[in-house]
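**Student:** Have a look at the structure that comes next, please.
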Amino acid sequence: MLTSIRGRSVIVTGASKGIGKGIARVFAAQGAHVLIAARDLSQAEAAAAEIRTSGGVASAVAVDVSRAEENALMAQTASERHGGIDILCCNAGIFPAAKLFDMKESDWDQVLDVNLKGTFLSIQACLPALKAKGKGRIIITSSITGPITGYPGWSHYGASKAGQLGFIRSAAIELAPHNITINAVLPGNILTEGVKALGPEYIARMTSAIPARRLGSVEDVAYAALFLASDEAAFVSGQTIVVDGGQVLPESHMALEELG
Ligand code: NAP
């Protein structure tokens, strides 16, 4: 049994839908006070309202994580509404596909700005409040794509997600004296609203590549993040948890065919 995170102030970026919304929902169900951050305020408000309907504490703020001043406003909002910041989940991310022969410099910049620079900017904006608490938790949603695997069209995305891991290794050392840990979850294929919209054929094909024979749920990722946010994870920093149902393990198609 983990020590409760009841009453802790949590920011989840990119929490208006998908994995971030799942993290916000699971953390709020554990009694955390959640600030839902995304660019589209009405969607963020709707996600917060869903949590409140279930008895949780949540509100929303509009932020583009690639902009320093908006991250500052996000951190200030969490401090004012929830008495500081205990946990920051850097989850906001985009994944537009572009193959190398066609990729424009602006495609590269957009993905790196949101996924990698956005992670840095959100963290930097929240650090004074995390430090003031005397302990803190930062959890990043990276991916298997980049750190472990590749996929055509996602070289910029993979670079951004692998870059997040390079970032946390040095950051973990700098933050350790302040009792702030920084870790990452690496989701495989997760059944978000966006993936559901790709239809049953896509989902069936993806499922066939996963030893667990299902896509992940947003809760699968959220519970890994919850462990990293717990008091019990105090001695874990600069590390990663892969949440992929074994997707990265088979060395060939034959390994999966052996399963029948
Ligand atoms: P999603 O359903 O598309 O949701 C993305 C969230 O991020 C939304 O709330 C979106 O809201 C927000 N967002 C996008 N750009 C933003 C910006 N510049 N500033 C602030 N918020 C922004 O995505 P998802 O599939 O849940 O993915 C979430 C994270 O998990 C990403 O980092 C992604 O790389 C990672 N991931 C996902 C999967 C998967 O299978 N789904 C697998 C591995 C890793 P607005 O558009 O309103 O800003």
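The values are calculated or read from the model by the stated rules, or taken from the named source; none is laboratory data. Just so we're clear, the structure is a prediction, and the values are computed from it rather than from any experiment. Positions of Cβ are backbone-derived with ideal geometry, glycine not excepted, and every protein chain shown enters the neighbour counts. Note: accessible area is taken over every heavy atom of the protein model, side chains too, but ligands, DNA and RNA are not part of it. Shrake-Rupley method; radii C 1.70, N 1.55, O 1.52, S 1.80 Å.
**Student:** What number of residues within the stretch 187-196 satisfy the criterion of being near the ligand (Cβ under 7 Å from one of its atoms) and surrounded by 14 or more Cβ atoms within 10 Å (Cβ to Cβ)?
**Tutor:** The initial filter retains those residues of the stretch 187-196 that are near the ligand (Cβ under 7 Å from one of its atoms), namely 187-190, 192-195.
Checking the rest, the ones that are also surrounded by 14 or more Cβ atoms within 10 Å (Cβ to Cβ) come to 187-190, 192, 195.
Final tally of qualifying residues: 6.
**Student:** List the pairs whose first member sits in the stretch 50-63 and is touching a residue at least 12 places away in the same chain (Cβ under 8 Å) and farther than 15 Å from Arg8 by Cβ, whose second member is of a type in the set (Ser, Thr, Tyr) and in a helix (DSSP H, G or I), and whose Cβ atoms are under 7 Å apart, counting only residues at least 6 apart or on separate chains?
**Tutor:** Within 7 Å, the pairs are Val61/Thr77.
Yes/no per residue for (1) without any contact (Cβ under 8 Å) to a residue 24 or more places away in the chain; (2) surrounded by 21 or more Cβ atoms within 10 Å (Cβ to Cβ):
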site: Ile139; (1), (2): no, yes
site: Gly153; (1), (2): no, no
site: His156; (1), (2): no, yes
site: Ala162; (1), (2): yes, no
site: Ile182; (1), (2): no, yes
site: Leu198; (1), (2): yes, no
site: Ile203; (1), (2): yes, no
site: Ser208; (1), (2): no, no
site: Glu219; (1), (2): no, no
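**Student:** Among (1) touching a helix residue (DSSP H, G or I) at 6+ places or on another chain (Cβ under 6 Å); (2) of a type in the set (A, V, I, L, M); (3) buried (at least 18 other Cβ atoms within 10 Å of the Cβ), there is one condition Ala68 misses while meeting the rest; what is its number?
**Tutor:** With respect to (1) touching a helix residue (DSSP H, G or I) at 6+ places or on another chain (Cβ under 6 Å); (2) of a type in the set (A, V, I, L, M); (3) buried (at least 18 other Cβ atoms within 10 Å of the Cβ), Ala68 is out only on (3).
**Student:** Could you list, ordered by first residue, the pairs with Cβ atoms under 6 Å in which the first is in the stretch 28-39 and within 12 Å of Thr77 (Cβ to Cβ) and the second is part of a loop (DSSP other than H, G, I, E, B), at least 6 apart or interchain?
**Tutor:** Pairs that qualify, where the first residue is within 12 Å of Thr77 (Cβ to Cβ) and the partner is part of a loop (DSSP other than H, G, I, E, B), are Ile36/Ala15; Ala37/Val63.
**Student:** Only one of these conditions is not met by Ala15: (1) within 11 Å of the ligand (Cβ to nearest atom); (2) over 19 Å from Asn115 (Cβ atoms); (3) buried (at least 21 other Cβ atoms within 10 Å of the Cβ). Which number is it?
**Tutor:** So Ala15 meets the others, but not (2).
**Student:** Among the helices (runs of 4 or more DSSP H) lying completely within the stretch 169-260, list those that include at least 1 residues that are under 22 Å from the mean Cα position of the chain (by Cα) and either over 29 Å from Thr3 (Cα atoms) or modelled with pLDDT of 95 or more (or both). Outline the logic, then answer.
**Tutor:** Numbers: elements: 193-196, 200-207, 218-229, 253-257.
Ranges flagged: 193-196, 200-207, 218-229.
**Student:** Which of the residues belonging to the stretch 24-48 are open to solvent by less than 60 Å² (accessible area, probe 1.4 Å), aliphatic (A, V, I, L, M) and touching a strand residue (DSSP E or B) at 6+ places or on another chain (Cβ under 8 Å)? Talk me through it step by step, then tell me what you get.
**Tutor:** Taking the stretch 24-48 as the starting set, the residues that turn out to be open to solvent by less than 60 Å² (accessible area, probe 1.4 Å) are 24, 26-28, 31-38, 44, 46-48.
The next check asks that each one be aliphatic (A, V, I, L, M); those that pass are 24, 26, 28, 32, 34-38, 44, 46-48.
Correct list: Ala24, Ala28, Ala32, Val34, Leu35, Ile36, Ala37, Ala38, Ala44, Ala47, Ala48.
**Student:** Something else now. Looking at the stretch 75-86, can you tell me whether even one residue there is near the ligand (Cβ under 10 Å from one of its atoms) and out of contact with any Phe, Trp or Tyr (no Cβ under 8 Å at 6 or more places or on another chain)? Don't jump to the end; show me each part of the working.
**Tutor:** Our first condition is that a residue be near the ligand (Cβ under 10 Å from one of its atoms); within the stretch 75-86, this holds for none.
Looking for residues that are near the ligand (Cβ under 10 Å from one of its atoms) and out of contact with any Phe, Trp or Tyr (no Cβ under 8 Å at 6 or more places or on another chain), one finds none in the stretch 75-86, hence no.
**Student:** Further, regarding this structure: Out of Thr119, Thr149, report the one residue that is open to solvent by less than 20 Å² (accessible area, probe 1.4 Å) and touching a residue at least 24 places away in the same chain (Cβ under 8 Å).
**Tutor:** Details: Thr149 fails: open to solvent by less than 20 Å² (accessible area, probe 1.4 Å).
Checking each option against the conditions leaves just Thr119.
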